[in-house]
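Please read the structure below before turning to the comments.
Values in this text are rule-based calculations from the coordinates and carry no lab data. Note that the coordinates shown come from a computational prediction; the quantities given were computed from them, not determined experimentally. Cβ placement follows ideal geometry from the backbone for every residue including glycine, while neighbour counts extend to all protein chains displayed.
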Amino acid sequence: MSALKTFHGGCHCSDVRFSVQAPDSVELERCNCSICSMGGYLHLIVPASRFQLLQGKEKLSCYQFNSGIAKHYFCKTCGIKPFYIPRSNPDGVDVNVNCLDEKPSQMTIVEFDGDDWEANAHTLAHKSQE
């Protein structure tokens, strides 16, 4: 595995701040499901141990729909969703790369067919493993 680098990020108003450890060369998913495409989310899924909420827990609102497994966290002030707990990896955290202060130097973007989530979710299951 590549060496891990610490990236910092947050919401638009900076009420919510976090850090995430990831390689500087990453594979990301761009999902075409309704919530991801509407929000412009670019997925970086990591094990929960590599994510730390630094500030703003009280500023977060949680949105759950459909199965109720995924926990979408939004800033109550600016409305941005900087991270969430994904249904595909409930033991991990999915960070929106667009919310990072500095992006990984090499990003490979893979199109993910979340519109047909049930048929494709298994391809993401390994992402939250150490």
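So for Asp116, Asp15, fewest C-beta neighbours within 10 Å to most, what's the order? Don't skip to the answer; put the middle values down first.
Values: Asp116 11, Asp15 17.
Neighbour counts put them in this order, fewest first: Asp116, Asp15.
Based on the Cβ-Cβ distance from Asp91 to Asn32, what FRET efficiency comes out when R0 is 22 Å, to the nearest 0.05?
Rounded to the nearest 0.05, the efficiency is 0.35.
Please give me the summed charge of the neighbours of Gln21: other residues whose Cβ is under 9 Å from its Cβ, Lys and Arg +1, Asp and Glu -1.
Details: positive: Lys5, Arg50; negative: none.
In short, +2.
Considering only lysines 8 or more places apart in sequence, or on different chains, count the pairs in region 4-128 whose C-alpha atoms sit under 18 Å apart.
11
Can you tell me the FRET efficiency between Glu130 and Cys13 if r is taken as the Cβ-Cβ distance and R0 is 22 Å, rounded to the nearest 0.05? All intermediate terms of the calculation are to be shown ahead of the outcome.
Values: r = 33 Å, r/R0 = 1.48.
Using R0 = 22 Å, I get an efficiency of 0.10.
Quick one: order His8, His126, His43, His72 by neighbouring beta-carbon count within 10 Å, fewest to most. Working shown, then result.
On the way: His8 14, His126 10, His43 24, His72 19.
Ranked by crowding around the Cβ, least crowded first: His126, His8, His72, His43.
Treating only the Cβ atoms of Lys and Arg (+1) and Asp and Glu (-1) as charged, compute the dipole magnitude of region 34-130 about its Cα centre; round to the nearest 20 debye. Please report the intermediate quantities before stating the final value.
Values: 9 positive and 11 negative charges, 94 e Å.
It comes to approximately 460 debye.
Do any cysteines of the chain lack a neighbour Cys whose Cβ is under 4.7 Å away, and which are they?
Cys with no partner Cβ under 4.7 Å: Cys33, Cys62, Cys99.
Would you mind computing, in nm to one decimal, how far apart the modelled labels at Glu58 and Asp24 are, each placed 7 Å from Cα along Cα→Cβ?
In this crude spin-label approximation the distance works out to 3.8 nm.
Quickly work out the Lys5-to-Ser49 label distance, labels modelled 7 Å from Cα along the C-beta direction, and quote it in nm with one decimal.
Spacing of the two 7 Å Cα→Cβ label points: 2.3 nm.
Starting from the 7 Å offset along Cα-to-Cβ, what nm value, one decimal, do you get for the label separation of Ala121 and Gln106?
So the two model labels end up 3.2 nm from each other.
Quick one: among Ser19, Ser49, Ser105, which has the greatest mean-square fluctuation in a GNM of the chain with alpha-carbon springs under 10 angstrom?
Ser105
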